[in-house]
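*Asks:* Dumping the structure here so I can ask a few things about it.
Just so you know, all these numbers are worked out from the coordinates, no wet-lab data involved. Computed from a predicted structure; not experimentally measured. Please note: Cβ atoms are built from the backbone with ideal geometry, for glycine as well, and neighbour counts cover all protein chains shown.
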Amino acid sequence: MAETKNTGTVKIPKAVKRLFEYFKKLGEEDTPFDPVFQRIQQEYSDLGPKEKEILFTELNNRLEIQKEDLIPLLKEMVETDEEGAPWALHLQRLRKRVQSPRLAIFQKVARNPGGIRFLLDFREDLMNSRRSGEADVTALDTDLAILLEMLFQEGFLYLEEITLDSPYRQIEIIKDRDMVHPMTSLEEMGQRLGRDRRCFALYHRLLPLEPIVFIEVALAQGLVRRISDIVEPKDDAGKRKNVDTAIFYSINNTQNGLAGLGLGKMLIVRVVDFLHGENERIKNFATLSPLPGFWDRYLRPILQGDDESFFLKQKDIPSYFSKKSRAKILEAGGFSKEDTERFCEALIKVLSGDQWTKDEKLVKHLQSPLIKIAYHYITQEKNLKGKPLNPVAGFHLGNGATVSEKYINFLANTSPKGLRESCGIMVNYIYTSNWLTQIRRSLRWVERFEIKSLFSR
């Protein structure tokens, strides 16, 4: 097993040292798997966040290929003619030599009972550590991502529709894991299951009791622009026969260790294909999506002057509002109309509560400017990787959906959570018919999925 020396200055706890040695043993061919893996599971669960961070760093830096192991082979390759059979043999040997020792260990773990669950939890901890820590453990995360991408592909996955006839445990999991529009009771979950309220989940064959990712869909006539029109019970049976649009209003990844592997896109593609096949009148596919972070991580910091990392600046905000609107907001914030330099402060006071939503005149003054700022946030603000700063926008636009200012919906979610996160704004991301055609051509695995449906006939 290749191992580099620990050159860091961080003191390694004894528990981390033991775990590192256990992982190292798993990479040895003559090591009995079960007792060693049981010790890893037991001792890893006892580690705190800081100890896990140190373990991740050790695995990333020390379980690696050594340069001296490659130099002799590379020298031989330099001196070998590419046309002969020895060159192919050298390439085969090189591929074997450069395989990550960590990946080989994780593959061995995945082949055993409880291994996939351990790896999912392990990567979730790793991703949490990367967000809060400073150590670079990219190589370790890459190894895990490569393996999980191989494991969570076509032959291992199947789709299942969650209906009122589904096992109680499955319905309860969906209810408890919906972080977009949380539910407090199974009765609420029941209202989201039926002929025009659908739920589909993606499962792994080795984890059949727990969904990996699920999506909730509302079938409607035209676009739905307010979440209350979906999640609140209504007697709209007369419109059901005129359904022509599927609205994806809640997508949840239940396994954080699978974040970034494209399973949400996989799910959307298959559900779109299924719904269109079930009812050919359904030709429009869109979302009704939240805009998390718009207020607390974007607009409010800008209004406070903390705008260094954003394209939009504090000085730009007043220009979005008319003179009359600025005066109204200053008055609502408790300032004089002439106190124009305190406009951003007044806007913070107004939007930090929920009373503004009950003032019709104030709502009219806020509506157009906030929609324009939200559209700017979605389309212009980028993270360090050049992708949309808002993660939901990044997900859907990255999948091929489109968005325009007319699909920014003001006061579409007036719940405390909706106002707190996004000033009540929600977004319709549009998936066009051309998008589905292109996806079908590029993703050959679509037809290989299985799906079970109470309503398929």
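*Asks:* On a full-extension model of 0.36 nm per residue, what is the gain between Arg131 and Thr402, subtracting their alpha-carbon distance, rounded to one decimal in nm?
*Replies:* 94.6 nm
*Asks:* Assuming a ≥ b ≥ c are the square roots of the Cα gyration tensor eigenvalues, decide whether segment 295-427 counts as rounded (a/c under 1.5), prolate (otherwise, with a/b larger than b/c) or oblate.
*Replies:* Verdict is prolate for segment 295-427.
*Asks:* Right, next: Report the longest stretch of the chain that contains none of the GluC sites (Glu not before Pro) sitting in a DSSP loop with at most 11 other Cβ atoms within 10 Å.
*Replies:* My reading of the result: 135-279 is the longest stretch.
*Asks:* Still on this model: Which chymotrypsin sites (Phe, Trp or Tyr not before Pro) from segment 195-295 combine a DSSP loop assignment with at most 14 other Cβ atoms within 10 Å?
*Replies:* Sites meeting the loop and neighbour criteria: none at all.
*Asks:* If you take the square roots of the eigenvalues of the alpha-carbon gyration tensor of segment 133-185 and sort them as a ≥ b ≥ c, do you get rounded (a/c under 1.5), prolate (a/b over b/c) or oblate?
*Replies:* oblate
*Asks:* Quick check: residue separation of Asp296 and Ala15 times 0.36 nm, minus the Cα distance between them. What number comes out in nm?
*Replies:* 97.2 nm
*Asks:* Per residue of the chain, what 222 nm ellipticity follows from adding -39500 (n - 2.57) for every DSSP H run with n ≥ 4, rounded to the nearest 500?
*Replies:* So the helix-based figure for the chain works out to -14000 deg cm²/dmol.
*Asks:* May I ask you to sort Arg198, Arg226 by Cβ crowding, counting other Cβ atoms within 10 Å and putting the fewest first?
*Replies:* Final ranking by Cβ density, sparse to dense: Arg226, Arg198.
*Asks:* Using the number of other C-beta atoms within 10 angstrom as an exposure proxy, rank Leu147, Leu55 with the fewest first.
*Replies:* Leu147, Leu55
*Asks:* Moving on to the next point. Tell me, Lys175, Lys337 in order of fewest to most beta-carbon neighbours within 10 Å?
*Replies:* Lowest count first: Lys337, Lys175.
*Asks:* Okay, moving on. If all Cα-Cα distances of the chain are sorted into 20 Å bins from 0 onward, what percent lands in each bin, rounded to whole numbers?
*Replies:* Histogramming the chain at 20 Å steps yields 20, 44, 30, 6, 0 percent.
*Asks:* For segment 295-427, what relative contact order do you get, as a whole percent, if you take Cα pairs closer than 8 Å and at least 6 residues apart?
*Replies:* 20 percent
*Asks:* Nearest 10 degrees is fine. How inclined is helix 14-26 to the longest principal axis of the chain, computing both from alpha carbons?
*Replies:* Around 70 degrees separate the two axes.
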